[in-house]
Amino acid sequence: MTATPDDATPSSPSPLVTFELVTLFPDLLDGYLRASLLGKAIGAGIVAVERTNPRDFAPGRHRSVDDTPCGGGPGMVISPVPVVAALEDLTARRGPAHKILLTPRGRLLDQGQVRRLSALPRIALVCGRYEGFDERVASFCDEELSIGDYVLSGGELAAAVVIESIARLLPGVLGCGLSAAEDSFSAGRLEHPQWTRPLEFRGHRVPDILLSGDHAAIARWRRREAYRRTAAVRPDLLSLHPPTEEERVWAEEWARERGGQDQNDALSAQEPRTRP
Ligand code: SAM
């Protein structure tokens, strides 16, 4: 089944990326996949989303997909039997896919990983539930991916994160081709701060430089603010993406300013206090 928004007509015969959702809850993301830019991308045929339910491949009258953990313990573990059969079925029907097991123990998804994955034509996203998968499922997948150091109840939201982050990098998905290139993390920096109208809101004004019409100065100011923000809240990004020459100069300026300020603070701390 391919998700198509109500108001869109498929036009492109071959999507840039096809996602194969392997999930026990194939309808869970339907509303999300129909809405907004993602819905339009699917409607325009740039992205396709197929679903395969491992339960359809579970043996027995009850089509049970899970069982108790060997060795004891709480919860239920998803059996490799229906999951691997589902992966084989989708491969036989639509061709090989890069198979990603969604799991909190996987490699952390970041913008670099998103860029890497966006070059793949067909990606299977294997969503777990309960206590997760029998260990053997991993040997039938190409990689393991986590969307963050926290635990969700199922892989479907993680799959939605992967789909959306990849889709917005594909040509034709975003209205303005530049938007993704300027997003946070695209150059190892957080995005610069943004403002819109009204120019004055409850005493907070849009910075004058943004109203100056000087595009070169605005671009430089934005790079500087992006660097300032990254250095303040995500210094880990600076070790992955070392400062440029321009950024080094700014950092020295700020250090000098701080030095001056620290000196003033130290001097005023030494001044004798006069009682009021
Ligand atoms: N017992 C597992 C553990 O401690 O790692 C957690 C299982 S979790 C309740 C059920 C499923 O949700 C997982 O198999 C996985 O598919 C998905 N999931 C949960 N957190 C995730 C995360 N941070 N990234 C990707 N998938 C996640």
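Observations
- Of the listed requirements (1) of a type in the set (Ser, Thr, Tyr); (2) outside any helix (DSSP H, G or I); (3) within 14 Å of the ligand (Cβ to nearest atom), SER186 misses just one: (3).
- Of the set (1) within 17 Å of GLN111 (Cα to Cα); (2) touching a residue at least 60 places away in the same chain (Cβ under 8 Å); (3) out of contact with any strand residue (DSSP E or B) (no Cβ under 6 Å at 6 or more places or on another chain), all apply to HIS192 but (2).
- Any pair with Cβ under 9 angstrom, 6 or more apart, that starts in region 96-108 at a residue that is under 15 Å from SER139 (Cβ atoms) and hydrophobic (A, V, I, L, M, F, W, C) and ends at one that is part of a strand (DSSP E or B) and near the ligand (Cβ under 7 Å from one of its atoms): ILE100/GLY106; ILE100/LEU145; LEU101/PHE133; LEU101/LEU145
- Considering LEU174, LEU169, the condition of being crowded, with 17+ Cβ neighbours inside 10 Å and modelled with pLDDT under 95 is satisfied by LEU174 alone.
- SER179 meets all of the listed conditions (1) modelled with pLDDT of 95 or more; (2) outside any loop (DSSP other than H, G, I, E, B) but one, namely (1).
- Unique residue being surrounded by fewer than 10 Cβ atoms within 10 Å (Cβ to Cβ) and at pLDDT 95 or above when the list is GLU271, GLU245, GLU253: GLU245
- LEU120 vs. criteria over 16 Å from ASN53 (Cα atoms), modelled with pLDDT of 95 or more and of a type outside the set (Val, Ile, Thr): yes
- Residue selected from region 140-154 under the condition within 7 Å of the ligand (Cβ to nearest atom) and either under 16 Å from HIS98 (Cα atoms) or more than 17 Å from the chain's Cα centre (by Cα) (or both), by the criterion surrounded by the most Cβ atoms within 10 Å (Cβ to Cβ): LEU145
- Residue in region 88-137 that is nearest to the ligand (Cβ to nearest atom), counting only those that are hydrophobic (A, V, I, L, M, F, W, C) and assigned to a helix (DSSP H, G or I): VAL137
- Meets criteria (within 18 Å of the chain's Cα centre (by Cα) and farther than 25 Å from ASP66 by Cβ) for LEU101: no
- For the residues GLY148, GLY75, the requirement of being among the small types (Gly, Ala, Ser), more than 30 Å from LEU190 (Cβ to Cβ), at pLDDT 95 or above and not in a helix (DSSP H, G or I) singles out GLY75.
- Among the residues of region 232-252, the ones that are of a type outside the set (Asp, Glu) and more than 21 Å from the chain's Cα centre (by Cα) come to 8 in all.
The values are calculated or read from the model by the stated rules, or taken from the named source; none is laboratory data. Source: prediction; values computed, not measured. Reconstructed Cβ throughout: ideal geometry from the backbone, glycine too, with neighbour counts over all protein chains shown.
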